Amino acid sequence: MQKKKIVFITGAGMSAESGISTFRDSDGLWENHRIEDVASPEGFKRNPKLVLDFYNARRKQLFEVEPNEAHKLIAQLEENFIVDIITQNVDDLHERAGSTKVLHLHGELRKARSTKNEKHCIAWDADLNEGELCPDGHQMRPHIVWFGEMVPEIENAMKIVQKADIVVVVGTSMQVYPAAGLVYEASSNADLYFIDPNPNISGMQKVKVFAKTATEGMKELVEILMK
Ligand code: OAD
């Protein structure tokens, strides 16, 4: 029998139990940093050092954290399903848990790119500082989709969701578009699940909600999926 297609749409809550702060929970990243200062092209123009330092700290933290049980359960599902992940997260915890098909909608901390040409993108694990130039001669910047910028992978993400038999949303406040609109691309025949301790499901029909953390919710979901 052909394997069913399952897509996970994940947000910051997915990595919360690994010790990475979310953005909008109390004490989240946006409580201590202004989005327009550290996550916008204008902010980068105004104060590149502030922005580079912000992402340097995020990148450094990646090497101190590990995938959690929920990342691992998603990776293990590849034995029985065709699994795609569409993540808003810029960490690499899905990959490190063993998932093989991960689409990063908002970029990746472990990459940097030229300020002149976004296609000039390279692996980058060290701190990124002012004066560090791409081989094309222009300043490097974090490979992050900032507010006000295009989301180049959105079309690919929409196609993946449209083809899925099962759509699972994990740990996102559903506040940031176009990512938050992806779930509405699901086919009317698809099964929909939402895992989040504080689920924002307004307007979502026939969705099964687990108002739980990612690790607890994923354990329950795996039991249902493997029945
Ligand atoms: P948010 O911080 O907006 O939302 C985090 C979600 O995770 C909330 O719904 C929480 O209830 C949930 N959560 C908290 N702890 C959890 C846990 N242990 N298990 C499961 N869920 C938990 O983060 P995102 O929705 O990912 O964009 O934010 C979307 C985008 O906004 C981010 O990609 C980032 C941000 O600005 C950019 O920087 C471009």
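The values are calculated or read from the model by the stated rules, or taken from the named source; none is laboratory data. Since the structure is predicted, the reported quantities are computational estimates derived from the model, not experimental observations. Every residue, glycine among them, receives a Cβ derived from its backbone with ideal geometry; neighbour counts consider all protein chains shown. Keep in mind that these areas ignore ligands, DNA and RNA; they rest on the heavy atoms of the full protein, side chains included. Shrake-Rupley method; radii C 1.70, N 1.55, O 1.52, S 1.80 Å.
Quick one: which of 36-46, 197-207, 3-13 comes out on top by average Cβ neighbours within 10 Å, and what's the full order, highest first? Walk me through the intermediate numbers first.
Values: 36-46: 16.5, 197-207: 12.8, 3-13: 23.3.
Highest to lowest by the protection proxy: 3-13, 36-46, 197-207.
Over the residues of the chain, the helix contribution to mean residue ellipticity at 222 nm works out to -8000 deg cm²/dmol, using -39500 (n - 2.57) for each DSSP H run of at least 4. Subtracting the Cα-Cα distance of S187 and M226 from their residue separation scaled by 0.36 nm leaves 11.9 nm. Result for the chain in a Gaussian network model with C-alpha springs under 10 Å: among Y177, Y193, Y55, the largest mean-square fluctuation is at Y177. In this Cβ point-charge picture (+1 for Lys and Arg, -1 for Asp and Glu), the chain has a dipole of about 500 debye about its Cα centre. Once you've got the GNM for the chain with C-alpha springs shorter than 10 Å, pick whichever of D191, D136, D25 has the biggest mean-square fluctuation. Most flexible of the set in this elastic network: D136.
When a/c reaches 1.5 or more, the comparison of a/b and b/c decides; with that in mind, is the stretch 62-105 rounded, prolate or oblate per its Cα gyration tensor?
Numbers: a/c = 2.55, a/b = 1.33, b/c = 1.92.
Because a/c hits 1.5 or more and a/b fails to exceed b/c, the stretch 62-105 counts as oblate.
Heavy atoms of the protein chains alone define the surface here; on that basis the chain has 51 Å² accessible area per residue at 1.4 Å probe size.
Averaging Cα coordinates gives a centre for the stretch 23-82 and one for the stretch 148-227; these two points are 19 Å apart. Ignoring aspartates and glutamates fewer than eight residues from K163 along the same chain, the ones with Cα atoms less than 18 angstrom from its Cα are E78, D84, E153, E155, E185, D191.
Rounded to a whole number, what % of the accessible area of the chain do carbon and sulfur atoms account for, probe 1.4 Å?
Values: 5730 of 11580 Å².
Exposed carbon and sulfur together represent 49 percent of the surface.
Legend: residue pairs K5/K212; K101/K227; K159/K208; K45/K72; K72/K111; K60/K119, Cα-Cα distance threshold 28 Å; pairs beyond threshold, K45/K72. Amide H to amide H distances under 5 Å link K111 with W124, H143, where only residues 5 or more positions off or on other chains count and H is placed in the peptide plane.
Explain nothing, just the number: dipole magnitude of the stretch 129-207 about its Cα centre with +1 on each Lys and Arg Cβ and -1 on each Asp and Glu Cβ, in debye rounded to the nearest 20. Before the final figure, lay out each step's value.
Working: 4 positive and 10 negative charges, 66 e Å.
Dipole size: approximately 320 debye.
Beta bridges from DSSP with both residues in the chain: antiparallel share about 30 percent, rounded to the nearest 5.
So how strong a dipole does the stretch 12-87 carry about its Cα centre when Lys and Arg Cβ are +1 and Asp and Glu Cβ are -1, to the nearest 20 debye? Display every interim value, and only then the final one.
Working: 9 positive and 14 negative charges, 105 e Å.
I would put it at about 500 debye.
FRET efficiency for the pair R96 and E42, taken as 1/(1 + (r/R0)^6) with r the Cβ-Cβ distance and R0 = 35 Å, rounds to 0.60.
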